[in-house]
Amino acid sequence: MKFTYCLLGVLICLVSCSSRHAVHVPPLTSLSEKINCGKIYPQGKWQFVHSLEFSLADGKKGSAIGVSVIDEPVIECALMTIEGFILFQARYDKELEIIRAVPPFDNREFAGGLISDLQLIFFKPPAEEIISGKLADGSRLCRYLEKNGQCADIVFLPDHGWEINQYGPDKSRRRTITARVQPESRQWRPPEYLELKADDFSGYTLKMTLLSAEKIAAAYRPSSSIFR
Amino acid sequence: MKIKIVIIILFFALSLLTGWADSWEALKQNGTQIKSIKADFVQEKHLKILARPIISRGIFIFKAPDSLRWEYKSPVRSILLMHNGKTKKFMERDGKLIEEPGLSLEAMQMVIQEISKWLAGNFNDNPGFTAGLETGRRIILVPKNQAMARLISKIELKLSDRPGLLDSVIIYEGPDSFTRLTFLNAELNRQTDDSLFVEK
């Protein structure tokens, strides 16, 4: 069980560890035109299967397969070993329901952290106000501002990819998600690679390589699929 | 003369009816004849939330008494090696196969280890499971221990019509989750080098 405990430690750090090198909300120049940042998100119901790699600054690593079925605001997810053994399975629909959790994954702190990360990856950040702007390096972005001072920036990168930076009420960065996507096409395509970094002492990094993506119609019938 | 021919035909007919999977003794006896097996496998992970099962493919090589190479080729490369009581696992990271330090065996890896015992004909030797031999060359293993039963509720083995071989293994984790391993293109008792069980 050494691997699973290491994995759990890594993942719990995502929600509980304090900031290591504080990076703060960067200044932006407002743009009068609105940027369509919502285009990075999937519409409707999707199923994604990712190969996951976890690593800590001290070199500890782990691997797993992740399944995410999303239909905003509902998230169903499972974490399994490559041999197919389910380590963790949960459903979130306003309330968190843990369906299966093998020790040491059987705690709500881990489950809550995982759901928060999936929400940050797949759903638009909650916002009172959205500002379109430009950073000092010329990158265009949308800033999603919440009442409590939290915010999230969606930044478009020059290589067609994008980045989400999430900041806490103290304006220090908590998470960075970087996405590698195929050049723009008429149809929305999921990122082929995502990397989540936590700004805490763990130096936690989660690499997600897309194995398959399915757009799901009603009653779980796949209407189209994108297999890599 | 006619009677002799009828007796011979009857003898062959009866020998066809009494298979290699009719008793634990017959299974053990056939197991001892297995020196090595190489086969492809297809793993299907079924889960209620999945629109389609997750399909993994690979090869496995077994050499008596207990050497095993369990290699996933897709979607993620990984190799589990067992030889002389030592187990190693390699996972692909950034395009390279890296050994997993401090390997801990998950329940599914335990099942993979059990496969080498099953191929040796030992189906009812594990004290952790109650084994039942059923019609249609099926063996059902049910965990005795509550802790194991929370991880695996049942294992179903389908034996091949070729003595000593398995057609499939289904591992049930619960009512909505199971993993099916199907074995294909099996080759029996071919020359198998030990290096396959120690080198990635």
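The values are calculated or read from the model by the stated rules, or taken from the named source; none is laboratory data. Note that the structure is predicted; figures quoted are calculated from it, not measured. Ideal geometry is used to build each Cβ from the backbone, glycine not excepted, and the neighbour counts take in all protein chains shown. Just the protein is used for accessible areas: all its heavy atoms, side chains included, with ligands, DNA and RNA removed. Shrake-Rupley method; radii C 1.70, N 1.55, O 1.52, S 1.80 Å.
Extension gain B:MET148-B:THR32, at 0.36 nm per residue separation less the Cα-Cα distance, in nm?
Residue separation times 0.36 nm, minus the Cα-Cα distance, leaves 38.9 nm.
If amide H atoms are built 1.01 Å from N in the plane of the peptide, which residues on other chains or at least 5 residues away come under 5 Å of the amide H of B:GLY174?
Here B:SER153 satisfy the definition.
Pairs of alpha-carbon atoms within less than 8 angstrom and 6+ residues apart define the contacts here; what relative contact order does chain B have, in percent?
Answer for chain B is 23 percent.
So how many Lys-Lys pairs in the stretch B:67-149 land under 27 Å Cα to Cα, not counting same-chain pairs under 8 apart?
The result is 12.
Return the single residue from B:THR179, B:THR135, B:THR87 with maximal mean-square fluctuation; model: Gaussian network over chain B, springs between Cα atoms under 10 Å.
B:THR135
Between B:ILE37, B:ILE98, B:ILE112, which gets the highest mean-square fluctuation from a Gaussian network model of chain B, Cα cutoff 10 Å?
The residue that fluctuates most here is B:ILE98.
Kirkwood hydrodynamic radius, the stretch A:145-190, all distinct C-alpha pairs: what's the number in Å?
11.9
Could you tell me the total accessible area buried at the A-B interface, probe 1.4 Å, in square angstrom to the nearest hundred?
2800
Taking every residue in B:50-57, how many Cβ atoms of other protein chains lie within 10 Å of its Cβ, on average? It would help to have the intermediate numbers written out before the result.
On the way: counts 9, 14, 8, 1, 8, 1, 5, 0.
The mean count of partner-chain Cβ atoms within 10 Å per residue comes to 6.
Tell me the per residue accessible area of the stretch A:147-207 using a 1.4 Å probe; a whole number in Å² is fine. If you can, show how the numbers build up before the last one.
Details: 2950 Å² over 61 residues.
Per-residue accessible area for the stretch A:147-207 comes out at 48 Å².
Which one of B:GLY121, B:GLY95, B:GLY132 has the biggest mean-square fluctuation once chain B is modelled by GNM with Cα springs under 10 Å?
Its mean-square fluctuation being the largest, the pick is B:GLY95.
If each residue of separation counts as 0.36 nm, what is the full-extension length gain between A:ARG189 and A:HIS160 once their alpha-carbon separation is subtracted?
Net length gain for the segment: 9.2 nm.
Quick check: net charge around B:ARG138, other residues with Cβ under 14 Å of its Cβ, Lys/Arg +1 and Asp/Glu -1?
Values: positive: B:ARG137, B:LYS154, B:LYS158, B:ARG180; negative: B:ASP22, B:GLU134, B:GLU156, B:ASP161, B:ASP167.
Surrounding charge for B:ARG138 is -1.
Using θ = phi - 60° and the Karplus relation 6.51 cos²θ - 1.76 cosθ + 1.60, list the HN-Hα couplings for the stretch B:173-190 in order, rounded to whole Hz, with x at every Gly or Pro.
Those phi angles translate into 8, x, x, 10, 8, 8, 10, 10, 10, 10, 9, 9, 6, 5, 10, 9, 6, 9 Hz.
Here is the link list: B:LYS28/B:LYS154; A:LYS61/A:LYS124; A:LYS60/B:LYS200. Which ones come out longer than 25 Å on Cα distance?
In this structure, A:LYS61/A:LYS124 exceed 25 Å between Cα atoms.
Taking R0 as 22 Å, what's the FRET efficiency between A:GLN182 and A:ALA127 from their Cβ-Cβ distance, rounded to 0.05?
0.20
Which of A:HIS50, A:SER212, B:ASN126 sits farthest toward the positive end of the charge dipole of the protein assembly as shown, with +1 on the Cβ of Lys and Arg and -1 on the Cβ of Asp and Glu?
The residue sitting farthest along the positive end of the dipole is B:ASN126.
Once the Cα atoms of the stretch B:35-105 are picked out, what are the Rg and Dmax in Å?
Final numbers for Rg and Dmax: 13.9, 41 Å.
Assigning unit charges at the beta carbon (Lys, Arg +1; Asp, Glu -1) and nothing else, what dipole magnitude in debye, to the nearest 20, does the stretch B:26-160 show about its Cα centre? Intermediate values should be presented prior to the final figure.
Details: 23 positive and 13 negative charges, 40 e Å.
Dipole magnitude for the stretch B:26-160 comes out near 200 debye.
Run through the stretch A:70-174 and list the GluC sites (Glu not before Pro) located in a DSSP loop whose Cβ has at most 13 other Cβ atoms within 10 Å. Walk me through the intermediate numbers first.
Numbers: sites: A:GLU76, A:GLU83, A:GLU95, A:GLU97, A:GLU109, A:GLU128, A:GLU129, A:GLU146, A:GLU163; in loops: A:GLU83, A:GLU128, A:GLU146.
Of the GluC sites (Glu not before Pro), the ones in loops of the stretch A:70-174 whose Cβ has at most 13 other Cβ atoms within 10 Å are A:GLU128.
What per residue convex hull volume, in Å³, do the alpha-carbon atoms of the protein assembly as shown yield?
Hull volume over Cα atoms, normalised by residue count, gives 176 Å³.
Using a 7 Å offset from the Cα along the Cα-to-Cβ direction at both B:GLU99 and B:VAL42, what is the distance between the two label points in nm, to one decimal?
Between B:GLU99 and B:VAL42, the label points sit 3.5 nm apart.
Let's test the formula: R0 of 45 Å, r as the Cβ-Cβ distance of B:ASN189 and A:ALA136. What FRET efficiency results, to the nearest 0.05?
Plugging the Cβ-Cβ distance into 1/(1 + (r/R0)^6) gives 0.05.
Based on the Kirkwood radius over alpha-carbon pairs, what is the Stokes-Einstein translational diffusion coefficient of chain B at 25 °C with 0.890 mPa s viscosity, in µm²/s?
Estimated via Stokes-Einstein, D reaches 134 µm²/s.
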